[in-house]
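Every number in this text was worked out from the coordinates using simple rules, so none of it is lab data. Treat the numbers as computed from the prediction; the structure is a model and nothing was measured. Virtual Cβ from ideal backbone geometry, glycine too; neighbours counted across all protein chains shown.
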Amino acid sequence: MILLQTLTVDSLSTADAMAAQATKENIGLLDLLLKGGYMMIPLYLLFVLAIFIFVQKLITLNKAAKTPSHLMDQVKVLVQSGQIEKAKILCAGENTPVANMIAKGIDRIGSPLKNIEVSIENVGKIEIYKLEKNLGLLATVSGAAPMIGFLGTVTGMIQAFISIAQEEGNVSPKLLSMGIYEAMITTAAGLVVGIIAYLGYNYLVTQVSKLVHNMEYTSIEFIDLLQDK
């Protein structure tokens, strides 16, 4: 009977110990992020900034890419038939980079061809600037976030070793490990933010390049139209 009670107590103790160990190991993501220290604050801000810029530019690029494929065909018919005002109204109703460039060219019809070409290029430069706005800031986030993460790790390690130096007697492995993993959290967070910003930046740059290529192709097509007129 005594042996049975002893085994039961031992089993309960083992179960409690395993449960406690499992509770210690199941650290939530939010708890982990909160242990990163004050250097996590700029990383949170950079993450929010990166998401904001990406969503904003994605909406802008989607609107800019909505130029109808048949717009140039309609403009060609109207210009060749002498309906210049209708062509202007048609382009003004689209309000996209391509339509704005064509509208500027139509507005300059009657001027030397070189002047028309320069006017279209100037409008194109303005539209490209609008498309590329804040992309540099997103690239900065992709580079700055990992560096801030590494800085947080260095400062965290310094604080951990200061705490160890202030301990009297044997240093607890728990104290050492906690100081190290808390310091490493900022590195992981910085890399995650940097990777997300980097991927978002490259995707947006690709979309901008497609739009710029379409703008250049359309401007060349419009100049050819005026030469054939």
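In segment 37-112, which trypsin sites (Lys or Arg not before Pro) fall in coil by DSSP and have 13 or fewer other Cβ atoms within 10 Å?
Values: sites: LYS57, LYS63, LYS66, LYS76, LYS86, LYS88, LYS104, ARG108; in loops: LYS66, ARG108.
Sites meeting the loop and neighbour criteria: LYS66.
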P(r) of segment 93-139 over all Cα-Cα pairs, binned every 10 Å from zero, in whole percent: 27, 42, 22, 8, 1
Cα lying deepest toward the dipole's positive end in segment 38-228, options ILE164, LEU199, GLY152, charges on Cβ: LEU199
Pair-distance profile P(r), taking every C-alpha pair of segment 51-118, with 10 angstrom steps and integer %: 20, 44, 23, 11, 2
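Counting other Cβ atoms within 10 Å, which GluC sites (Glu not before Pro) in segment 93-175 have at most 10 and lie in a DSSP loop? Write out the running numbers ahead of the final one.
Numbers: sites: GLU94, GLU117, GLU121, GLU127, GLU132, GLU167, GLU168; in loops: GLU94, GLU167, GLU168.
In loop regions of segment 93-175 (DSSP not H, G, I, E or B), the sparsely surrounded GluC sites (Glu not before Pro) are GLU168.
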Scattering profile of segment 38-228 at q = 0.12, 0.16, 0.17 Å⁻¹ [log10 I(q)/I(0), Debye over alpha-carbon scatterers]: -0.69, -0.93, -0.99
